[in-house]
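Working notes for the structure below.
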Amino acid sequence: MHALKSAPLRKQHESLRKHIGAIKRRLNPLLLAQSAGEVRTLVTQLFGELGKHLQQEGTDLYPLLVDSGDAVAKAAAAQFGLEMKQKLPELAEFNRRWPSADAIRSNGSAFIKEAETLLQWLERRLIAEGHDLFPLLDKQDAAHMAMASNPELKISRI
């Protein structure tokens with residue numbers, strides 16, 4: 001059976017959510033002093049996975065939606081792409097501002113505030129992608145699978 005093209009992206013979202021949860025559980029001023037190194041490692045892992053996810057979206061999601069001929073899919077891809085393009089400098093700045101456990105430990109309250117804001121945005125983004133973008137990709141993929149298995153079939157709507 002053919003897996004939908006959104007399946008690997010959805011799996012990546014699960015992994016990103018696990019990293020977000022692990023970081024959020026440590027965003028406590030009393031715990032952060034002892035766990036700053038672990039938090040920095042988790043942030044590095046989160047950004048590494050996010051980078052891979054963005055690369056895969058750039059290959060397997062956005063181009064397909066933009067080239068689909070579906071005006072709704074094209075507009076959604078443009079909107080989501082622009083939002084991420086605008087957010088990337090802020091994500092990079094967060095990563096640069098907190099390069100080590102010592103930096104995190106030295107101003108834990110500022111780190112917690114920034115991390116909570118960033119993680120909340122990222123969680124909302126993952127939900128929106130799952131709700132708005134992936135179904136568009138799945139619709140396109142299902143139509144393609146139907147045509148491949150029955151070339152005589154004309155699908156106007158799924």
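A few notes on this one:
- Filter pass, L54 being under 15 Å from the mean Cα position of the chain (by Cα), closer than 30 Å to L137 by Cβ and assigned to a helix (DSSP H, G or I): yes
- Taking the listed residues S109, S149, S68, S100, the one that is at pLDDT below 95 and farther than 18 Å from L9 by Cβ is S149, with no other qualifying.
- Condition met for G69 (under 22 Å from E123 (Cα atoms) and free of Cβ contacts under 8 Å to residues at least 40 places away in the same chain): no
- Test: Q45 is assigned to a helix (DSSP H, G or I), within 23 Å of F111 (Cβ to Cβ) and either modelled with pLDDT under 95 or within 15 Å of the chain's Cα centre (by Cα) (or both): yes
- The listed residues are N107, N95, and the only one of them that is closer than 30 Å to L30 by Cβ, of a type in the set (S, T, N, Q) and without any contact (Cβ under 8 Å) to a residue 40 or more places away in the chain turns out to be N107.
- None of L27, L50, L88, L61 is out of contact with any Pro (no Cβ under 7 Å at 6 or more places or on another chain), under 22 Å from E123 (Cβ atoms) and free of Cβ contacts under 8 Å to residues at least 40 places away in the same chain except L88.
- One residue alone among E38, E90 is surrounded by fewer than 17 Cβ atoms within 10 Å (Cβ to Cβ) and within 21 Å of the chain's Cα centre (by Cα), and that residue is E90.
- Of everything in segment 7-33 that is modelled with pLDDT of 95 or more and small (G, A, S), the residue that is nearest to the chain's Cα centre (by Cα) is S15.
The values are calculated or read from the model by the stated rules, or taken from the named source; none is laboratory data. Keep in mind that this is a model prediction, so the values were computed, not measured. Cβ sites come from the backbone with ideal geometry, for glycine too, and all protein chains shown count toward neighbours.
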